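What follows is a set of notes on a single structure, which appears directly below.
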Amino acid sequence: MTKYDVSLITGDGIGPELAAAAKKILEKINDNSSTKFSISELEAGDAALKKHGRALPESTVDAVKKSQACLKAPVGESAADVIIVLRRMFDLYANVRPAKSYPNIPSLSSNVDLVTVRENTEDLYLGWEFNADEDTVVALRVTSKKASQRIAEYAFRTAEMRNGKRRVVAVHKANVMRKGDGLFASVCRQVAKRYPKIQYSELYVDAASMNLIRNPDEFDVIVTTNLFGDILSDEAAQVVGGLGMGPAANIGKGFALFEPVHGAAFDIAGKNVANPSSILLSAKMMAEWLADKNGDAKVAAEGKRIEDGIVKLLAKNQKTKDIGGRLTTTEFAELVARSMY
Ligand code: ATP
């Protein structure tokens, strides 16, 4: 038996409904395999702010620190006070967002299988904005060799490990931001030399966003800076049928946090209609990461059952409302759980 302590942030909006779905699936694994997840449910976000005066209470931080990985449901208005703080606290430098075509989901192509590897620690996200004068704001866009190097390394390692097309494309705008993106591009080129079996290319971000619509099948691993990665990964999610199917990982050296790409979706909160696939596929990514970190192929196999369970349902056209079906959140999660073993 192998036990993993995981923290589960329940979040706001549709967060608690998604967290409940994830818990159900992890408990299903507990009941049917030698992999056991010990789950600590934690508060963070708008509701926590109201109740405790802090969006990220200390008790939550302590519990996350004690866990081996964190699964996080979306958080509302206070999202930045939760996720950006956690990303910095654990130096979660790589934001990894797969986008994949699944059966019976409206998609621009049925063969999309790509992953965006987004630098997660610098760029405009440092929030260094200043008033130059009353009417002018200056924002600093930070790019370092160290951050570029480790994200490029992560992208090439990802390409090596995937059953994909073994391609990495670096996306930037070095023709305009000659110094910042120039540095990012040159570091990517250097790292590419150490991975001769991976085909390397570069695209300007405008061309990349166009090609993602025109030829989404061509992409395998996209490595890019923080803001471009934010935008391109949402675009990629839409190419394969929307945010409800989009998982993400925030990876650091010794810790990682997994979360849906979408926000708290208050418009559908409490209605039991949200698509839980995003958090369930995030749980699958968590299992893969735990497997890699601990050399435990079994936990990866349990994670794969989650995706296989989702695929089985979709193949039978059993879907939630956002992707053209009628199942509720709880029905969908229950059916995934049933089809896993
Ligand atoms: P944020 O600014 O934090 O990204 P937002 O409210 O602008 O949040 P999202 O919450 O990410 O945007 O989602 C946009 C819309 O997509 C929602 O209003 C909702 O209708 C839909 N949506 C997002 N996630 C899901 C989901 N899991 N299931 C079904 N629909 C979803």
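Odds and ends about this structure:
- A count restricted to region 199-224 and to residues that are touching a Phe, Trp or Tyr at 6+ places or on another chain (Cβ under 6 Å) and open to solvent by less than 10 Å² (accessible area, probe 1.4 Å) stands at 0.
- Considering residues of region 1-35 that are among the hydrophobic types (A, V, I, L, M, F, W, C) and within 21 Å of Lys65 (Cα to Cα) only, the residue surrounded by the fewest Cβ atoms within 10 Å (Cβ to Cβ): Val6
- Only one of the numbered conditions (1) closer than 27 Å to Gly127 by Cα; (2) assigned by TED's automatic domain parsing to the domain that holds Gly295 is violated by Phe228, and that is (2).
- Residues (modelled with pLDDT of 95 or more, β-branched (Val, Ile, Thr) and touching a Gly at 6+ places or on another chain (Cβ under 9 Å)) located in region 288-341: Thr320, Val336
- Meets criteria (more than 14 Å from Met340 (Cβ to Cβ) and acidic (Asp, Glu)) for Asp296: yes
- Phe266 within 9 Å of the ligand (Cβ to nearest atom), of a type in the set (A, V, I, L, M, F, W, C) and open to solvent by 10 Å² or more (accessible area, probe 1.4 Å): yes
- The set of residues in region 70-84 being free of Cβ contacts under 8 Å to residues at least 12 places away in the same chain and either in contact with a Lys or Arg (Cβ under 8 Å, 6 or more places away or on another chain) or assigned to a loop (DSSP other than H, G, I, E, B) (or both) is empty.
- Residues of region 304-341 classified as within 16 Å of Met245 (Cα to Cα), more than 13 Å from the ligand (Cβ to nearest atom) and small (Gly, Ala, Ser), total: 2
- Cβ-Cβ distances below 7 Å connect no pair with a first residue in region 274-286 that is modelled with pLDDT under 95, a second residue that is buried (at least 24 other Cβ atoms within 10 Å of the Cβ), and a separation of six or more residues or different chains.
- Complete set of residues in region 236-258 that are open to solvent by 40 Å² or more (accessible area, probe 1.4 Å), away from the ligand (no atom under 13 Å from the Cβ) and of a type outside the set (Gly, Ala, Ser): Lys253
- Set side by side, the residues Lys66, Lys51, Lys100 differ, and just one is surrounded by 15 or more Cβ atoms within 10 Å (Cβ to Cβ) and among the basic types (Lys, Arg), which is Lys100.
- Any hit, region 109-121, residues being charged (D, E, K, R), away from the ligand (no atom under 16 Å from the Cβ), in contact with an Asp or Glu (Cβ under 9 Å, 6 or more places away or on another chain) and within 21 Å of Val171 (Cβ to Cβ): yes
- Flag if Leu42 is modelled with pLDDT of 95 or more, open to solvent by 10 Å² or more (accessible area, probe 1.4 Å) and among the aliphatic types (A, V, I, L, M): yes
- Meets criteria (out of contact with any strand residue (DSSP E or B) (no Cβ under 9 Å at 6 or more places or on another chain) and within 27 Å of Ser34 (Cβ to Cβ)) for Lys312: yes
- Residue match in region 262-275 (condition: touching a helix residue (DSSP H, G or I) at 6+ places or on another chain (Cβ under 6 Å) and acidic (Asp, Glu)): no
- A single member of Val261, Val273 is within 16 Å of the ligand (Cβ to nearest atom), within 30 Å of Lys146 (Cβ to Cβ) and either among the aromatic types (Phe, Trp, Tyr) or open to solvent by 10 Å² or more (accessible area, probe 1.4 Å) (or both), and it is Val261.
One line per residue, one yes/no per condition, for (1) open to solvent by less than 10 Å² (accessible area, probe 1.4 Å); (2) closer than 13 Å to Val115 by Cβ; (3) part of a helix (DSSP H, G or I):
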{"site": "Ser148", "(1), (2), (3)": "yes, no, yes"}
{"site": "Ala155", "(1), (2), (3)": "yes, yes, yes"}
{"site": "Val168", "(1), (2), (3)": "yes, yes, no"}
{"site": "Val176", "(1), (2), (3)": "no, no, no"}
{"site": "Leu183", "(1), (2), (3)": "no, no, yes"}
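The values are calculated or read from the model by the stated rules, or taken from the named source; none is laboratory data. Note that the structure is a prediction, hence the values are computed from the model and not measured. Every residue, glycine among them, receives a Cβ derived from its backbone with ideal geometry; neighbour counts consider all protein chains shown. SASA here: full protein model, heavy atoms, side chains in, ligands and nucleic acids out. Shrake-Rupley method; radii C 1.70, N 1.55, O 1.52, S 1.80 Å.
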